[in-house]
Amino acid sequence: MPTQTIDDAQKYGVAVKMITGDHVLIARETARVLGMGDYIKTSAGLPMLDPVTKRKPANLGRDYGDMCLAVDGFAQVTHNQ
């Protein structure tokens, strides 16, 4: 059963995505239970900020946009400084 927030967002056409540090299997089941879908990918292959300039890749939307739109979320995401 979706939460009220997720249900409202979907009702208004907002695609809700999950980003979590949890294992992909936990993320997939959580997203499924919340009514978000279960196409969860790991963070492998996601772009990183340039370590020196802290800028995003120049062609971020072109290179990763379709993938980000297609998935329901990403798991095993960590933050590195």
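Only the coordinates and a few stated rules stand behind these numbers; no lab work does. What you see is a predicted model; the values in this text were computed from it and never measured. Please note: Cβ atoms are built from the backbone with ideal geometry, for glycine as well, and neighbour counts cover all protein chains shown.
Relative contact order, percent, of the chain when contacts are C-alpha pairs under 8 Å separated by at least 6 residues? Don't skip to the end; give the middle numbers.
Numbers: 98 pairs, mean separation 32.3, N = 81.
Once normalised by length, the contact order is 40 percent.
Here is the tail figure for the chain: Cα pairs spaced more than 19 Å apart come to 45 percent of all pairs.
Straight-line cross-link reach from residue 41 at under 12 Å between alpha-carbon atoms covers these aspartates and glutamates, not counting any fewer than eight positions away in the same chain: 22, 72.
Using just the helices of the chain, give the 222 nm mean residue ellipticity in deg cm²/dmol: DSSP H runs with n ≥ 4 each add -39,500 (n - 2.57), and the total is spread over all residues, rounded to 500. All intermediate terms of the calculation are to be shown ahead of the outcome.
Working: 3 runs with 29 residues, N = 81.
Computed mean residue ellipticity for the chain: -10500 deg cm²/dmol.
Would you look at the GNM of the chain, springs on alpha carbons closer than 10 Å, and say which of 63, 50, 22 moves the most? Largest GNM mean-square fluctuation: 50.
For the chain, the Cβ-based charge dipole about the Cα centre amounts to some 260 debye (Lys, Arg positive; Asp, Glu negative; other atoms uncharged). Applying the Karplus relation 6.51 cos²θ - 1.76 cosθ + 1.60 with θ = phi - 60° to the range 58-69 yields 3J(HN,Hα) values of 4, 10, 4, x, 5, 7, 10, x, 4, 4, 5, 5 Hz, where x marks Gly and Pro.
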